[in-house]
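The values are calculated or read from the model by the stated rules, or taken from the named source; none is laboratory data. Computed from a predicted model, the values in this text were never measured in an experiment. Cβ atoms come from the backbone with ideal geometry, glycine included; neighbour counts cover every protein chain shown.
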Amino acid sequence: MRILEHEPLSARTTFRIGGTARFLIEAATLEEVVAGLSFAEARSLPTVILGGGANMLADDGEAEGVFLVPNISGLRMQADDASVTYAAGAAESWDGLVALSVADGAWGLENLSAIPGSVGGAVVQNIGAYGAALSQHLTLVEVFDREAGRITELPAAACAFGYRDSIFKAHPDRYVVLRATFTLSRAGSPGIAYRDLREHFAGSVPSLGAIREGVRTIRAGKFPDLAREGTAGSFFGNPSVDAGTAAALKERYPELPLYPIPESRETKVPIAWLLDRVLGLRGYRLGRARLFERQALAIVADRDARASDVRALARDVTDRVHDAFGILLVPEVVIMRGARMTSDV
Ligand code: NAP
């Protein structure tokens with residue numbers, strides 16, 4: 001177990017800004033995860049589980065807590081004629097797992113290509129893209145349950161998966177995700193009904209590998225390049241609104257695409273469309289942060305930005321959207337205030 005003090009969080013998050021962690025512990029085994037949790041408890045410090053840092057805005061200054069990185073690696077694969085099963089450690093790269101599954105000819109994860117971050121973070125957030133969600137293929141999650149003080153295996157049905165949501169996101173102080181198992185099919189078919197993919201393939205029937213490449217190309221054309229920009233991708237979630245609000249929006253903006261959510265009778269609003277086409281906020285800059293030029297939902301921080309710059313921009317955008325449309329934006333990114341996780345900007 002490696003215990004680091006005053007560790008810069010800018011080096012551990014894709015926003016690449018923010019202050020330090022009083023303690024950061026890299027735990028390479030389950031025993032080390034437990035020891036790291038005990039270390040925090042003995043000092044009455046809060047614990048923050050940190051994966052790939054792709055969905056977190058670290059605070060400025062020093063966070064008085066223990067940032068615990070469950071560095072559980074390893075990828076095990078089992079296959080039969082019909083299916084391929086992968087058990088992946090929480091610290092494995094999500095996109096690495098997708099790449100491997102595509103190379104193995106296993107269908108299911110290809111639409112989730114090129115999403116940054118770790119397997120653990122992907123499970124917590126139940127990542128989704130282009131009509132697919134991680135939870136459709138996850139079978140089992142191995143966790144350390146801090147309440148029970150032991151390792152437990154949760155089947156998918158016990159994970160309370162929802163749209164970008166899970167039991168792990170709802171109870172961040174209870175579970176540490178250690179490993180996840182996915183079962184994929186050898187006999188899949190392309191899921192390219194989503195507009196960006198449909199247009200990209202223009203009537204052809206792509207192979208599994210072509211879908212991965214297509215998704216990578218689409219995302220590279222739209223989302224900021226993490227090698228060049230400090231960002232956590234989409235900063236806000238796309239909001240759901242009731243039928244009355246949806247109808248009123250449609251009347252004001254007939255071209256606005258709206259997506260009904262069958263299970264909830266609500267409607268999903270692609271907020272980037274409103275930010276861009278109505279409010280003209282693509283590329284909008286406030287201080288040392290801006291809305292990305294090609295996808296206004298993503299906030300990009302300058303190299304010398306502070307977390308407060310990003311929060312100020314997020315507040316500004318939240319206010320403008322509320323004033324113009326009566327919609328309350330909620331960050332998808334975890335906003336740290338010290339060592340406390342919030343969704344308040
Ligand atoms: P987009 O394609 O511009 O879509 C914007 C919004 O419209 C999303 O909420 C999307 O729902 C919805 N939408 C578009 N086509 C739809 C359809 N045919 N049926 C139902 N809903 C539809 O989104 P983008 O910003 O370029 O992102 C591309 C994909 O990556 C999206 O699926 C987005 O959700 C995903 N993404 C995921 C994360 C994450 O997991 N944290 C972060 C960034 C982007 P869906 O969100 O359900 O697709």
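Please go through the range 126-184 and give me each residue that is modelled with pLDDT under 95 and of a type in the set (Phe, Trp, Tyr), ordered by number.
Scanning the range 126-184 gives a single hit, Tyr163.
Of the conditions (1) of a type in the set (S, T, N, Q); (2) in a helix (DSSP H, G or I); (3) in contact (Cβ under 8 Å) with a residue 60 or more places away in the chain, Thr231 satisfies every one except a single condition; which number is it?
(2)
Would you mind telling me which numbered condition in (1) within 21 Å of the chain's Cα centre (by Cα); (2) closer than 28 Å to His171 by Cα Gln295 fails?
Going through (1) within 21 Å of the chain's Cα centre (by Cα); (2) closer than 28 Å to His171 by Cα one by one, Gln295 breaks only (2).
Out of Ala272, Ala210, Ala247, I need the residue that is without any contact (Cβ under 8 Å) to a residue 12 or more places away in the chain, within 20 Å of His322 (Cβ to Cβ), of a type outside the set (Asp, Glu) and not in a strand (DSSP E or B). Which one?
None of the others qualify; the one that does is Ala247.
For residues that are under 17 Å from Gly233 (Cα atoms) and either surrounded by 22 or more Cβ atoms within 10 Å (Cβ to Cβ) or free of Cβ contacts under 8 Å to residues at least 40 places away in the same chain (or both), tally how many sit in the range 86-110.
Result for the range 86-110: 2.
State whether one or more residues within the range 152-175 are touching a residue at least 60 places away in the same chain (Cβ under 8 Å) and of a type in the set (Asp, Glu).
yes
Take the range 114-135 and flag every residue that is farther than 15 Å from Gly53 by Cβ and surrounded by 24 or more Cβ atoms within 10 Å (Cβ to Cβ).
Once the filter is applied, which keeps residues that are farther than 15 Å from Gly53 by Cβ and surrounded by 24 or more Cβ atoms within 10 Å (Cβ to Cβ), the range 114-135 yields Val123, Leu134.
Of all residues in the range 38-74, which are under 21 Å from the mean Cα position of the chain (by Cα) and not in a loop (DSSP other than H, G, I, E, B)?
Within the range 38-74, Thr47, Val48, Ile49, Met56, Leu57, Phe67, Leu68, Val69, Pro70 meet the criteria.
Out of Ile299, Ile327, I need the residue that is within 15 Å of the ligand (Cβ to nearest atom) and either farther than 22 Å from Thr13 by Cβ or in a loop (DSSP other than H, G, I, E, B) (or both). Which one?
After ruling out the rest, the residue left standing is Ile327.
Go through (1) in contact with an Asp or Glu (Cβ under 7 Å, 6 or more places away or on another chain); (2) away from the ligand (no atom under 16 Å from the Cβ) and name the single condition Pro155 misses.
Looking at each condition in turn, Pro155 falls short on (1).
How many of the residues in the range 208-263 are within 23 Å of the chain's Cα centre (by Cα) and among the charged types (D, E, K, R)?
9
Identify the single condition in (1) surrounded by fewer than 16 Cβ atoms within 10 Å (Cβ to Cβ); (2) near the ligand (Cβ under 10 Å from one of its atoms); (3) under 19 Å from Phe235 (Cα atoms) that Arg277 does not satisfy, given that it satisfies every other one.
The one condition Arg277 does not meet is (2).
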